[in-house]
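See structure below.
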Amino acid sequence: MIVERAYAHAAEDEVQGSEWPWTVPCVRRLLDDGLRFTAPVTFLVGENGSGKSTLVEALAEAFGLDPWGGSAGYRYAGPRAPSVLGGRMRFEATVAGRRMLRAPHTRRRGFFLRAETALDALGREQRTGRVSGSPEEMSHGEGFLMAFRERFAGPGLYVLDEPESALSFASCLELVGVLDDLSRTGAQIICATHSPLLTALPGAEIIEVGEHGMRSAEWHELELVEHWRRYLNDPRAYLRHIVG
């Protein structure tokens, strides 16, 4: 593992105001207690707007990953001012993590894959010789799989924001295998997701994000798992409230 705990600090007058991101419950929890990691793979789950993407983007940025997506130590679009939360994020790291955090950004290892900017990030990776194929000649899902196969390797911090958005069922299963293999190399993975398939990875830690802030959860306790189970068992139980 690389990071054992993440936390942030903000001035009291900022926190007491109504400015984003301090109004987001999981960010307030981050300020109060921090976020502790107990397994090589951590999934953040929750409804849209719960703050999952806000957290993973700040974690990636604070570690030195390009917040627009891509490899550690590179700022493909040129220098940018730190985001409000990313600039305040701090880590309690393992020995391996401290070595990376004390080294120049170009010595850090990892990758940030975010669904909205993945193809642009992979195009930049291709132009700098870090992936073999051109994402312009691939489907969205094929580009994601190329990143997993070629850029997710060795110790480092790998951050993913809803990677399942471009993947088929079979490709999601392939990603589970990639994450499991990667976790055995000393790497750490933090993934925001809505996927019951991904979150079923054995040994992974699941943190549920919502109005309560953040809390650990078991796979079978997740609302998303229960909703998918009920929907697949009887779609009409849901659709009768939505379609005529």
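The values are calculated or read from the model by the stated rules, or taken from the named source; none is laboratory data. Predicted model only: the values in this text are computed from it and were never measured. Backbone-built Cβ (ideal geometry, glycine too); neighbour counts: all protein chains shown. Side chains included, ligands, DNA and RNA excluded: accessible areas come from the protein's heavy atoms. Shrake-Rupley method; radii C 1.70, N 1.55, O 1.52, S 1.80 Å.
Under the condition of being farther than 14 Å from residue 33 by Cβ and open to solvent by less than 100 Å² (accessible area, probe 1.4 Å), the residues counted in the range 209-224 number 5. Scanning the range 21-63 for residues that are at pLDDT below 95, open to solvent by 80 Å² or more (accessible area, probe 1.4 Å) and more than 18 Å from residue 222 (Cβ to Cβ) yields 28, 29, 32, 33.
Okay, residues lined up against (1) modelled with pLDDT of 95 or more; (2) closer than 27 Å to residue 225 by Cα:
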{"site": "100", "(1), (2)": "no, no"}
{"site": "110", "(1), (2)": "no, no"}
{"site": "115", "(1), (2)": "no, yes"}
{"site": "125", "(1), (2)": "no, no"}
{"site": "133", "(1), (2)": "no, no"}
{"site": "139", "(1), (2)": "no, no"}
{"site": "153", "(1), (2)": "no, no"}
{"site": "178", "(1), (2)": "no, yes"}
{"site": "194", "(1), (2)": "yes, yes"}
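Of all the criteria given as (1) open to solvent by 20 Å² or more (accessible area, probe 1.4 Å); (2) part of a helix (DSSP H, G or I), the one not satisfied by residue 147 is (1). Inspection of the range 10-20 identifies no residue that is touching a residue at least 24 places away in the same chain (Cβ under 8 Å) and open to solvent by less than 10 Å² (accessible area, probe 1.4 Å).
The residues of the range 1-20 that are of a type in the set (Asp, Glu) and modelled with pLDDT under 85, listed by number, are 12, 13, 14, 19. The number of residues in the range 36-45 being in a strand (DSSP E or B) and among the polar types (S, T, N, Q) comes to 1.
Meeting the requirement of 2 or more residues that are in contact (Cβ under 8 Å) with a residue 24 or more places away in the chain and within 15 Å of the chain's Cα centre (by Cα), the helices (runs of 4 or more DSSP H) wholly within the range 166-244 are 169-183. Only residues that are closer than 20 Å to residue 63 by Cβ and either among the aromatic types (Phe, Trp, Tyr) or touching a Pro at 6+ places or on another chain (Cβ under 9 Å) (or both) were counted in the range 161-178, giving 0.
For the range 210-224, a residue qualifies if it is out of contact with any strand residue (DSSP E or B) (no Cβ under 9 Å at 6 or more places or on another chain) and closer than 22 Å to residue 242 by Cβ, but none of them does. Looking at 131, 159, just one residue is of a type outside the set (Asp, Glu), more than 18 Å from the chain's Cα centre (by Cα) and outside any helix (DSSP H, G or I), and that residue is 131. All conditions in (1) surrounded by fewer than 19 Cβ atoms within 10 Å (Cβ to Cβ); (2) part of a helix (DSSP H, G or I) hold for residue 97, with the sole exception of (1). Would you mention how many residues in the range 6-35 are assigned to a strand (DSSP E or B) and either within 15 Å of the chain's Cα centre (by Cα) or aliphatic (A, V, I, L, M) (or both)? Final tally of qualifying residues: 3.
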